[in-house]
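Structure first, commentary second.
Read-outs throughout are calculated quantities, based only on the coordinates presented, and are distinct from any laboratory measurement. This one's a predicted model, so the numbers in the text were calculated from it and none came from an experiment. With ideal geometry, Cβ positions are generated from the backbone for all residues, glycine too; neighbour counts draw on all protein chains shown.
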Amino acid sequence: MSLNVIKRVLPFTLTLIIGAALGNFAGVISSFVSSLPSVSPAPAAPYKSRRGCRSAGRFRSEAPSDDLNRVFNESELKQRAVLLSRPSPGFSEEARLNNVSGTVKLNLVLGADGEVSNITVINGLPNGLTERAIEVARQIRFTPAQKDGRPVSQYATVEYLFNVYQTSKVY
């Protein structure tokens, strides 16, 4: 009979002990949370009236002013910049003597004003070839990208291939 009593009383006793421990733990957590400084919610945004709208019942969609000063990626534009001319850099005499070959890769910005700026070298070559690529990259002529009918600046990547052993192909 004592085994039956233990089987019935032991789970009940363990449940009481665990419940008391959890209740004590919850009390500690609640006192910790109440000791934290209170944070008030942010004020609501002011109501914007529709008065003065030119279109019937709709807000005018205007591009933010900083949107025109921003530089866009090609994927963000419907009309990308169009290259009109891209001069060839040619070899430096030092590179020709040292048989240097390879590719110079440049990141640059095709500005809304029609000028190339912010040229950074991704891959360069020795013996003045990188410098020649940068010089001719500044001479690139293009029609600026368009966003909402206005010219905007765009990021671009340009590669110049330098190959000493390049032969002309005849078709």
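The table below gives the values:
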item: Peptide ranges 75-83, 126-134 listed from the most packed, as the mean C-beta count within 10 angstrom indicates; result: 126-134, 75-83
item: Dipole of region 70-162, positive direction: furthest Cα of ALA145, VAL109, THR120, with charges on the beta-carbon; result: ALA145
